[in-house]
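The values are calculated or read from the model by the stated rules, or taken from the named source; none is laboratory data. This structure is a prediction, so every number in the text was calculated from the model and none was measured. All Cβ positions, even for glycine, are placed from backbone atoms using ideal geometry, and neighbour counts span all protein chains on display. Ligands, DNA and RNA are stripped out before the accessible areas are found, and what is left, the full protein with its side chains, is counted by its heavy atoms. Shrake-Rupley method; radii C 1.70, N 1.55, O 1.52, S 1.80 Å.
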Amino acid sequence: MVQFHSELVTDHIRRIRSMPAVCMYLVEGSEKALLLDTGCGEVGLRKYVEQLLQGKPYEVLLTHGHVDHASGAGEFERVWLHPADWALVKQHCTLENRLAYWEHCRPILGDTAVPAENEFVSLRTGPFLPLEDGQRFPL
């Protein structure tokens, strides 16, 4: 099972790592938080984020639709993504591509085992919320 780790970047920004080559960011305001990207889709990110936030509401925003940024979107109910990337998620975030990405990162991972298929969340089937250029998220 993949373990998530995090460290503070600033008082309000936490970097979350699922493996050495993938980072996600949790930006926390006084009332709300924003998770930027969902990594390669290993099971447990949602639970990890919610433990960090201790009940604070949050939004999930994907910067783009590549395998190492958007594959975990299936674990969250509400996910924002620019419409220009919606089709890209379906192409890039397949289970086959996730496993291939882990194999590609082998030199960085060393002896770390590639997760089993059941350790990845399902590909998101629900719609994304349409992220617009210049959109703001009050936190």
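Its DSSP H runs of at least 4 residues, each contributing -39,500 (n - 2.57), put the calculated 222 nm mean residue ellipticity of the chain at -6000 deg cm²/dmol, to the nearest 500. Candidate values [x] 15.2; [y] 17.0; [z] 15.9 were compared with Kirkwood radius over Cα pairs in Å computed on the shown model; the agreeing label is [x].
Across the chain, the mean sequence separation of Cα contacts (distance under 8 Å, 6 or more residues apart), normalised by length, yields a relative contact order of 24 percent. Heavy-atom surface analysis with a 1.4 Å probe gives the chain a carbon and sulfur content of 53 percent of its accessible area. Which residues in the range 54-69 place their backbone N less than 16 Å from a point set 7 Å from the Cα of residue 91 along the Cα-to-Cβ direction? Within reach of a label on residue 91, which here means backbone N under 16 Å from a point 7 Å along Cα→Cβ, the range 54-69 contributes 64-69. Ligands, DNA and RNA are left out, and with a 1.4 angstrom probe the accessible area of the range 45-137 is 58 Å² per residue. Which of 104, 82, 92 moves most in a GNM of the chain, Cα contacts under 10 Å? Of 104, 82, 92, the most mobile in the Gaussian network model is 104.
Within the set of other residues whose C-beta is less than 10 Å from the C-beta of residue 38, count the net charge using Lys and Arg as +1 and Asp and Glu as -1. With Lys, Arg at +1 and Asp, Glu at -1, the net is -2.
Note on surface exposure: 119, 7 rank 7, 119 by accessible area, highest first, 1.4 Å probe.
Qualifying trypsin sites (Lys or Arg not before Pro) in the range 41-139, where qualification requires a DSSP coil assignment and no more than 16 other C-beta atoms within 10 Å, comprise 78, 136.
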